[in-house]
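Worksheet: the structure to be examined is printed underneath.
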Amino acid sequence: MPNYTATAEADSQFFLFSTALAGRTYQMIIHSNQLTSVVGQNITGFQIRLNGTATSSWPPADTSFSFFNVTMGKGIDPATFNVNFADNFTGTPVSVRSGSLTFLANSFSFGGSPNAFGPIVTFNTPYLYTGDHLTVELRFSNMTGTTTTGVFDAVGVSGGPANGYGADFRARWTGNATATASTANGNFIVVNFLTQPVPEPSSAVVSLVGLMGLVYRRRR
């Protein structure tokens with residue numbers, strides 16, 4: 001996301017992580033027109049990538065977060081937004097990830113245009129996407145292990161709506177991991193969602209019926 005950045009560099013950048021003790025909250029609001037290829041699938045994690053201006057891989061040393069929590073849920077249209085984070089969900093958000101997170105040294109590579117996506121942030125609980133607008137909220141602690149903040153590929157607020165910002169997607173953020181309200185629009189981080197098809201229930205039923213028949217014949 002956005003779709004057009006699959007093979008192209010976005011027009012700006014964003015310093016997502018911080019050493020500030022309060023951590024951060026970063027919320028992405030994505031229009032359903034960007035997610036048509038994953039309707040009916042489980043979203044199992046995500047990746048981000050360094051901006052093309054990066055001159056070295058990141059991080060320079062193993063970098064950890066004491067908590068890195070992710071919630072997802074049906075969202076509002078990105079053309080509108082609310083200052084309060086909770087109001088950008090149209091239903092009850094689902095906790096898909098909680099707990100600590102570590103990025104190994106040099107796990108985000110550089111030298112591409114665009115750069116390759118970095119390590120997968122894996123969810124504890126997959127999120128079944130059913131076709132609505134989607135709101136994704138990240139709440140994470142300050143990073144430790146390095147004071148060098150990575151510069152990530154992003155779509156700039158100032159380029160909207162021609163670049164899609166404010167129409168197809170939007171981001172809000174604040175410098176506090178427990179905040180209930182955002183302080184500003186933020187550049188939209190280019191994100192790659194990992195998905196898995198949902199297993200067909202009928203195949204499991206057929207297998208069970210076949211197994212029961214086999215047991216019955218053996219008993220006879």
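The values are calculated or read from the model by the stated rules, or taken from the named source; none is laboratory data. The structure presented is a predicted model; accordingly, all values stated were derived computationally and were not measured. Heads up, the Cβs are rebuilt from the backbone with ideal geometry, glycines too, and the neighbour counts pull from every protein chain shown.
Quick notes
- Unique match (being closer than 27 Å to residue 12 by Cα, surrounded by fewer than 16 Cβ atoms within 10 Å (Cβ to Cβ), at pLDDT 95 or above and touching a strand residue (DSSP E or B) at 6+ places or on another chain (Cβ under 6 Å)) among 69, 84, 88: 84
- Taken over segment 171-205, the criterion of being over 24 Å from residue 33 (Cα atoms), in a strand (DSSP E or B) and touching a residue at least 60 places away in the same chain (Cβ under 8 Å) is satisfied by 174, 181.
- Hey, residue 56 without any contact (Cβ under 8 Å) to a residue 24 or more places away in the chain, outside any strand (DSSP E or B) and either more than 23 Å from residue 82 (Cβ to Cβ) or touching a helix residue (DSSP H, G or I) at 6+ places or on another chain (Cβ under 9 Å) (or both) or not: no
- Selection of strands (runs of 3 or more DSSP E) fully inside segment 64-170 by the criterion of at least 2 residues being within 18 Å of the chain's Cα centre (by Cα) and closer than 23 Å to residue 34 by Cβ returns 68-74, 94-97, 121-128, 134-140, 152-155.
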